[in-house]
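Inspection log for the structure reproduced underneath, given as structure tokens.
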Amino acid sequence: MNSNQRHAYLVFLSMKGMDWFIFSLVVTVLDLYLATEVIRDPFRLMLIGTSLTATIILLEIPTGLVADTYGRKLSVIIGYALIGCAAIIVGTFQRYEIILLSQVIWGADFTFISGAGDAWIADEIGEEKLGAAYLRGSQISQIVLLIGIPVSTAFGTRTVNLPY
């Protein structure tokens with residue numbers, strides 16, 4: 001592997017680790033946070049999840065076109081910026097309408113990232129090394145997920161919205 005490929009490989013592994021660490025921080029306490037601190041209405045809780053899923057379905061193709069047209073790296077950068085915005089909104093504002101908006105942003109960030117990182121690493125390191133990169137990325141994801149759960153729980157015992 002040349003230095004550019006090695007750099008891309010390390011960035012890819014870091015992205016996989018960060019994705020799953022953030023995911024485990026958020027998902028571990030999200031439902032508890034929403035149900036106890038923000039929304040006590042089951043119908044509104046259902047709408048929160050539905051808005052996230054609907055956004056992902058609606059934006060998957062348009063954001064894929066952004067990645068293919070303007071670049072996969074740009075798509076990943078936009079996705080991570082949106083993750084930060086959505087997390088700050090969820091953790092800071094405890095109003096239903098604002099949380100609903102954050103889930104739309106969260107759905108958008110997911111669509112910018114989904115597939116773009118994998119396609120980017122495939123372009124950078126080549127097909128012969130791709131299987132090993134995906135395997136290592138999956139291993140790191142699982143390890144980091146297991147690390148993130150107790151971290152999120154520890155944060156959440158202080159204040160439920162702290163992991164955000």
Mind checking which residues of segment 146-164 are under 17 Å from ASP31 (Cβ atoms), assigned to a helix (DSSP H, G or I) and touching a residue at least 40 places away in the same chain (Cβ under 8 Å)? GLY148, ILE149, SER152, THR153, PHE155, GLY156
Could you figure out which of (1) farther than 18 Å from TRP20 by Cα; (2) without any contact (Cβ under 8 Å) to a residue 12 or more places away in the chain; (3) of a type in the set (A, V, I, L, M, F, W, C) isn't true of ILE77? (1)
Does at least one position in segment 43-57 carry a residue that is over 14 Å from the mean Cα position of the chain (by Cα), more than 22 Å from LEU101 (Cβ to Cβ) and touching a residue at least 24 places away in the same chain (Cβ under 8 Å)? no
Filtering segment 23-49 down to residues that are at pLDDT below 80 and β-branched (Val, Ile, Thr) yields VAL26, VAL27, THR28, VAL29
Any pair with Cβ under 6 angstrom, 6 or more apart, that starts in segment 89-107 at a residue that is within 15 Å of ALA35 (Cα to Cα) and hydrophobic (A, V, I, L, M, F, W, C) and ends at one that is surrounded by 16 or more Cβ atoms within 10 Å (Cβ to Cβ) and modelled with pLDDT of 90 or more: VAL90/SER102; LEU100/SER51
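Would you say ILE61 is farther than 24 Å from TYR33 by Cβ, surrounded by fewer than 20 Cβ atoms within 10 Å (Cβ to Cβ) and either modelled with pLDDT of 90 or more or in contact with a helix residue (DSSP H, G or I) (Cβ under 6 Å, 6 or more places away or on another chain) (or both)? Working first, answer last.
Numbers: farther than 24 Å from TYR33 by Cβ: yes; surrounded by fewer than 20 Cβ atoms within 10 Å (Cβ to Cβ): yes; either modelled with pLDDT of 90 or more or in contact with a helix residue (DSSP H, G or I) (Cβ under 6 Å, 6 or more places away or on another chain) (or both): no.
So ILE61 does not fit the description; no.
The values are calculated or read from the model by the stated rules, or taken from the named source; none is laboratory data. What you see is a predicted model; the values in this text were computed from it and never measured. Note: ideal-geometry Cβ built from the backbone for every residue, glycine included; neighbour counts use all protein chains shown.
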